[in-house]
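S.K.: I have a structure I would like to understand better, so I am pasting it below and will then ask my questions one at a time.
Every read-out reported here was derived from the displayed coordinates using simple, explicitly stated rules and does not represent laboratory data. In this text the structure is predicted, and so the values were computed from the model without any measurement. Using ideal geometry, Cβ is built from the backbone for each residue, glycine included, and neighbour counts are taken over all protein chains shown.
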Amino acid sequence: MENKILLNQRQQSYYLCLPAARDRQIFHSVFAYDALLRYCSNHPDFTLQAYCLFQDEVHLLIHTHQQPDLLMDKIMLSHSQWHQQNINQPGYLFDDQATSRVLVQPRYLPEIVRAVHQLPVQRRLCATPALYAYSSYGDYLDIATPGAQLDKELISTMICAVKTQRLRRLEDFMAQPAKYSAAQLKTGNHAYYYALADAPFITQLLSQYPQEPRANQTDWIAQWDKTLVFLSELLHTDEFTCLRGGRNSHLADTHYLLAWLFHQLQGGPIEIAATALETDVQSLLLNINAIHLHHPARFLRYIEQSWTTQNQQYAA
């Protein structure tokens with residue numbers, strides 16, 4: 001995928017594509033589909049506008065109420081946890097590096113909904129979108145029991161403002177060929193940003209980014225160094241191995257434990273951790289949020305309590 005910049009804006013619509021990890025299936029039963037839709041329907045940070053679910057990919061169109069930088073991580077993490085608890089199979093279900101998040105300008109929303117519903121047809125799984133059970137097509141046309149709580153009124157009204165004619169117009173609109181393929185959905189139409197939007201719309205959004213005061217970077221860098229020394233001593237390893245998470249170490253992902261301790265427990269800027277570990281912010285956030293999938297809760301509590309105890313001793 002070409003290298004573009006992610007936009008992180010609240011109160012906007014985003015198309016999400018969450019692919020499965022290699023040789024993994026996202027859904028092993030109808031209950032798994034229901035669990036993911038139930039989570040997306042009741043999430044306080046976004047509302048669901050459209051969806052299409054496959055064994056190897058999840059396609060969602062959402063409207064965010066908060067900044068969406070961690071939404072994909074939360075969705076993938078929640079479903080992986082449900083899978084582990086109910087199927088009793090360990091491991092992460094999704095491919096973190098291949099996910100997509102594309103900002104969608106409101107005027108493009110009907111086209112995105114049609115493209116999402118046409119995905120099963122493009123994959124030759126069915127002849128028409130109505131024949132595929134795990135999409136929001138039936139919800140939009142009121143021909144199926146609602147599988148999720150959708151915010152479909154805005155998009156339905158954009159397609160047809162006359163309520164008495166809406167279902168017929170929706171059916172005609174959804175039956176037309178989609179203008180965007182799955183590959184185009186994942187990158188958008190903008191040259192520099194992951195967005196399906198016009199240039200003036202992007203310019204207006206960028207002007208709305210809040211200018212929040214930044215914490216003293218020097219103090220946080222010193223705090224990072226302090227955290228590094230503490231964790232390397234606690235885990236009985238050298239600082240270089242702790243930073244790089246060497247394979248020969250008894251803990252191969254010590255660098256993620258270090259970032260988790262610095263960012264999650266101390267509130268340190270994730271940018272400082274990413275720079276020190278020579279990785280990108282999104283990948284690091286995903287690994288931090290998944291840290292408890294790879295370590296027992298008792299072990300993480302031990303690190304947290306040891307850190308708290310050490311700070312109390314210094315304060316005394």
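S.K.: Obtain the nm distance between the two label points defined at Leu125 and Gln266 by a simple spin-label model: each point lies 7 Å from its Cα along the Cα-to-C-beta direction.
M.R.: About 4.5 nm separates the two model spin labels.
S.K.: Taking the Cα centre of the stretch 87-214 as origin and charging only Cβ (+1 Lys, Arg; -1 Asp, Glu), how large is the dipole, in debye to the nearest 20?
M.R.: 280
S.K.: Ok, one more. Just subtract the alpha-carbon distance of Arg107 and Asn3 from 0.36 nm times their residue separation and send over the number in nm, one decimal.
M.R.: Here the answer is 34.9 nm.
S.K.: As I understand it, the dipole of the stretch 1-117 uses +1 on the Cβ of Lys and Arg and -1 on the Cβ of Asp and Glu, about the Cα centre. Which of Phe46, Cys17, Met76 lies farthest toward its positive end?
M.R.: Farthest along the dipole direction, towards plus: Phe46.
S.K.: So, in Å, what gap is there between the alpha-carbon centers of the stretch 260-299 and the stretch 87-146?
M.R.: Between the Cα centre of the stretch 260-299 and that of the stretch 87-146, the gap is 31 Å.
S.K.: While we're looking at this one, here's another question. Hey, can you rank 166-174, 33-41, 101-109 by average C-beta count inside 10 Å, highest first?
M.R.: So the peptides 166-174, 33-41, 101-109, ranked by packing, come out 101-109, 33-41, 166-174.
S.K.: I would also like to ask the following. Gln66's amide H: which non-local residues (gap 5+, or another chain) put their own amide H closer than 5 Å, with H modeled 1.01 Å from N in plane and none for Pro or chain starts?
M.R.: Gln11
S.K.: Amide H neighbours of Phe94 under 5 Å, counting only residues 5+ apart in sequence or on other chains, H built in-plane at 1.01 Å?
M.R.: For Phe94, whose amide H was placed from the backbone, the distant partners under 5 Å are Ala21.
S.K.: Here's something else I'd like to know. Sort Thr279, Thr254, Thr308 by Cβ crowding within 10 Å, fewest neighbours at the top.
M.R.: Thr308, Thr279, Thr254
S.K.: Quick check on the exposure proxy: order Trp224, Trp307, Trp260 from fewest to most C-beta atoms within 10 angstrom.
M.R.: In increasing order of surrounding Cβ atoms, one gets Trp307, Trp224, Trp260.
S.K.: Further question: Please report Cys52, Cys126, Cys160 as a ranked list, fewest other C-beta atoms within 10 angstrom at the top and most at the bottom.
M.R.: Placing the least packed residue first, the sequence is Cys126, Cys160, Cys52.
S.K.: Quick check: pseudo-label points 7 Å beyond the Cα along Cα→Cβ at Thr218 and Asp69, how many nm apart are they?
M.R.: 2.5
S.K.: Sticking with this structure for a sec: Tell me what the chain gives for mean residue ellipticity at 222 nm when only DSSP H runs of n ≥ 4 count, each as -39,500 (n - 2.57), the sum divided by the residue total, rounded to 500 deg cm²/dmol.
M.R.: After summing the helix terms and dividing by the residues of the chain, the value is -13500 deg cm²/dmol.
S.K.: A follow-up question, please. As I understand it, the dipole of the stretch 218-310 uses +1 on the Cβ of Lys and Arg and -1 on the Cβ of Asp and Glu, about the Cα centre. Which of Ala274, Trp220, Tyr256 lies farthest toward its positive end?
M.R.: So the residue furthest toward the plus end is Tyr256.
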